[in-house]
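Right, one structure below, let's go through it.
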Amino acid sequence: MALLTVKFDLKKRVKLAQTVWFMYWFAVMAGVLVFSMGLFFKIELRKRSELMDNSESHLLPNLLILMGLVLCAINAVGGKICYDSLDPSKFSKWKPLLGAFLGGCVAFNALLLLTALLCFLMRIPLQFTLAEGLRNAVRFYKDTDTPGRCYMKRTVDLMQMEFRCCGSRDFRDWFEIQWVSNRYLDFSAKEVKDRIGSNVDGQYLMDGVPFSCCNPSSPRPCIQFQMTNNTAHYSYDHYTEELNVWRRGCSEALLAYYGGMMNTIGALVILVTLLEVGVTVGLQYVQSSLASLANPEDPESESEGWLLEKSVRETFTDITAKMKAVGKGAKVEEGGEEAAAPPAAS
């Protein structure tokens, strides 16, 4: 028994085909939107690729770009099929291909839904990528003379000012590394000698942060050096006073930025998936209503359209049987090739 059967006359079939045709071209624009979102996301990731630990983060935008292109192609073909369904002579050439096309649409819709889920799940690997990449960026901040790292200081400073953050986890990350280049240190000064001598690794460590960590909204002039020394500043207590540097770590700030972007893209892709399911169902009704015409030579005769020709259980059983048949056919072919192989020479 067919599932969700609907009766059609000529007027209803024409209206259905026109409606689905319009939806298909609206879906083409949705494909352009998915492509644009993937391209925009890829550009945003490339802007800060130096702050990321690997290139796997580009998997999602590349997938979105590919899905957007495929969406445009599939929906353009679907729109053409609906347009030709109004002319029996033109529609006849699509009949042998419609079953495979609808099956491909169903598989693509499942892949599109998986892409939407990836948009939400990619936040976890992105968190580790940003954490490791930002740790390296902070560590290489001083290497302005090293090839490949010349612009790391500029990149980190711009990031901290744009995202209002400081360090990877927080501002204390700068206390644990030497972020001032040796070329700007006076090694004859006692303070420099003492700091280097007191450190096991021979680094110049201090309780200070770069200028880009300063919060310009603070009424007090920025305290970026000797931040833990209360006696170095008038009326200052670093334990109780709100510091006038950004307190949020850049890993958290960037994750919130990219995570919000991925959540928005994921939600939009889900909406596009629902639209694709809608046009696929519409095309199925167009195809089935034309296939079941009471009198194929009379286009004005009544017909029935359905979502599935059989029940869900019967359809699933048929698909399973066909897959098993294909698997057995492949085994038979392999066995036939082995039997046909000539015996090895002794």
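One residue stands out among those in the stretch 29-49 that are of a type in the set (Gly, Ala, Ser) and surrounded by 14 or more Cβ atoms within 10 Å (Cβ to Cβ): the one that is nearest to Cys72 (Cα to Cα), which is Gly31. Considering only the stretch 184-232, state which residues are farther than 17 Å from Tyr141 by Cα and aliphatic (A, V, I, L, M). Scanning the stretch 184-232 gives Ala189, Val192, Ile196, Val200, Ile223, Met227, Ala232.
Is the stretch 105-124 home to any residue that is farther than 23 Å from Asn62 by Cβ and either crowded, with 16+ Cβ neighbours inside 10 Å or at pLDDT 90 or above (or both)? Yes, the stretch 105-124 contains at least one residue that is farther than 23 Å from Asn62 by Cβ and either crowded, with 16+ Cβ neighbours inside 10 Å or at pLDDT 90 or above (or both). Without any contact (Cβ under 8 Å) to a residue 24 or more places away in the chain and on the phi > 0 side of the Ramachandran plot - does that describe any residue in the stretch 257-265? No: the stretch 257-265 contains no residue that is without any contact (Cβ under 8 Å) to a residue 24 or more places away in the chain and on the phi > 0 side of the Ramachandran plot. Of all residues in the stretch 245-257, those being open to solvent by less than 10 Å² (accessible area, probe 1.4 Å) and either in contact with a helix residue (DSSP H, G or I) (Cβ under 6 Å, 6 or more places away or on another chain) or of a type in the set (A, V, I, L, M) (or both) number 4. Restricting the stretch 173-225 to residues that are among the small types (Gly, Ala, Ser) and assigned to a helix (DSSP H, G or I) leaves a set whose member that is most open to solvent (accessible area, probe 1.4 Å) is Gly197.
Looking across the stretch 260-290, the residues that are within 30 Å of Arg172 (Cβ to Cβ) and surrounded by fewer than 18 Cβ atoms within 10 Å (Cβ to Cβ) come down to Gly260, Met261, Asn263.
Let me confirm something: among Ser36, Ser92, Ser85, which residue is polar (S, T, N, Q) and in contact with a helix residue (DSSP H, G or I) (Cβ under 6 Å, 6 or more places away or on another chain)? Selected residue: Ser85, the only one of Ser36, Ser92, Ser85 that is polar (S, T, N, Q) and in contact with a helix residue (DSSP H, G or I) (Cβ under 6 Å, 6 or more places away or on another chain).
Here Ser57 fulfils each of the conditions (1) closer than 30 Å to Gln160 by Cα; (2) among the polar types (S, T, N, Q); (3) surrounded by fewer than 17 Cβ atoms within 10 Å (Cβ to Cβ) apart from (3). Of all residues in the stretch 274-312, exactly one satisfies the criterion of being at pLDDT below 65 and assigned to a helix (DSSP H, G or I), namely Val312. Cβ separations smaller than 8 Å between residues 6+ apart or across chains give the following pairs from the stretch 40-51 residues that are within 16 Å of Thr264 (Cβ to Cβ) to residues that are not in a helix (DSSP H, G or I): Leu45/Met52. Would you be able to say whether some residue in the stretch 92-101 is open to solvent by 10 Å² or more (accessible area, probe 1.4 Å), part of a helix (DSSP H, G or I) and modelled with pLDDT of 90 or more? Yes, the stretch 92-101 contains at least one residue that is open to solvent by 10 Å² or more (accessible area, probe 1.4 Å), part of a helix (DSSP H, G or I) and modelled with pLDDT of 90 or more. If the condition is being modelled with pLDDT under 90 and touching a helix residue (DSSP H, G or I) at 6+ places or on another chain (Cβ under 7 Å), then the stretch 223-244 contributes Tyr236, Asp237, His238.
The values are calculated or read from the model by the stated rules, or taken from the named source; none is laboratory data. Quick caveat: nothing in here was measured; it's all calculated off a predicted structure. Here the Cβ is made from the backbone with ideal geometry for all residues, glycine too, and neighbour counts use every protein chain on show. SASA here: full protein model, heavy atoms, side chains in, ligands and nucleic acids out. Shrake-Rupley method; radii C 1.70, N 1.55, O 1.52, S 1.80 Å.
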